[in-house]
Amino acid sequence: MKFVFPRNYKYKNKLFGLIDYSTAIINLIFYILIYFIINLLFKKIQIKIFLFVLICFPCFLLSIVNNENENIFSLIKFLIKYLKSKKLYLYK
């Protein structure tokens with residue numbers, strides 16, 4: 001069985017079909033860093049779990065909801081660029 005792919009189709013390998021491998025590696029490094037920082041600062045397990053989920057869940061959502069299949073670096077760059085100059089123009 002042969003499949004025909006259009007010439008402009010960009011095939012990217014993904015982890016579980018959702019996240020690019022580079023994004024997954026960056027997320028993993030970020031999660032490990034946050035885990036060690038939280039372990040150094042707090043003793044109670046409930047606080048550790050709450051803070052870990054609170055900090056890491058938005059990053060995880062950005063990685064999955066990224067429907068343009070862009071790298072996490074470019075997504076962060078766009079967010080920072082928007083936050084620097086957020087101007088809304090309303091026209092009639």
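Where a number appears in this text, it was derived from the coordinates with a stated rule and is not lab data. On a predicted model such as this, the values are computed, not experimentally measured, just so you know. Here the Cβ positions follow ideal geometry from the backbone for every residue, glycine too, while neighbour counts run over all protein chains shown.
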Packing-ranked peptide list from 36-44, 55-63, 19-27, highest mean Cβ count within 10 angstrom first, is 19-27, 55-63, 36-44
Distance-filtered residues of the stretch 25-44 - backbone nitrogen under 20 Å, label point 7 angstrom along Phe78 Cα→Cβ: 25-27
